[in-house]
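Only one structure is covered here, and it is reproduced in the block below.
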Amino acid sequence: QVQLVESGGGLVQAGGSLRLSCAASGRTFSSYAMGWFRQTPEKEREFVAAISWSGGMTYYRDSVKGRFTISRDNNKNTVYLQMNSLKPEDTALYYCAATSNVGGSLPGEYEYWGQGTQVTVSS
């Protein structure tokens, strides 16, 4: 069982930056691939980024490549999402998720989810 708690969301102007954190409970955090997803009332939950258990492989949706960076610190049981050059269309509720399988881009591939942290980007 893994419990995930996101933090770091907030209101930021377009062009600004935020860093999201996701703290995980449990002693086996380093064996899970991790992902970040986001959702708005108008859209289904969509993939943002994923990172392998070791941190050696990362994946991004095209619209955030070059602006967002996913990373993890297995000693702190935490995964991060650094978001730069934010745009109004990045506004969403951001979730982190964990999987004991190879992390992918589909929500159904992830077993554990946090409650989400709201990111709002004003124009």
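Before moving on, here are some points about what is shown:
- Comparing the chain with the 2.2 N^0.38 Å rule of thumb, its C-alpha radius of gyration ratio is 0.97 (two decimals).
- Relative contact order of the chain, defined on C-alpha pairs under 8 angstrom at six or more residues apart (%): 36 percent
- Partner lysines for Lys76 [C-alpha distance under 30 Å; skip if fewer than 8 residues away on the same chain]: Lys65, Lys87
- Calculated FRET value between Thr120 and Asp73, using beta carbons and R₀ = 41 Å, to 0.05: 0.95
- Stretch gain in nm, segment Glu42-Arg27, where the contour uses 0.36 nm per residue and the Cα spacing is subtracted: 1.7 nm
- Computed FRET value (nearest 0.05) for Gln13 with Leu106, which takes r as the C-beta separation and R₀ as 30 Å: 0.40
- Max mean-square fluctuation residue, GNM over the chain, Cα-Cα springs under 10 Å, options Leu20, Leu81, Leu106: Leu106
Laboratory data are not the source of any read-out in this text; all were calculated from the coordinates shown. Bear in mind the structure is a predicted one, so any value in this text is a computation, not a measurement. We place every Cβ from the backbone using ideal geometry, glycine too, and count neighbours over all the protein chains shown.
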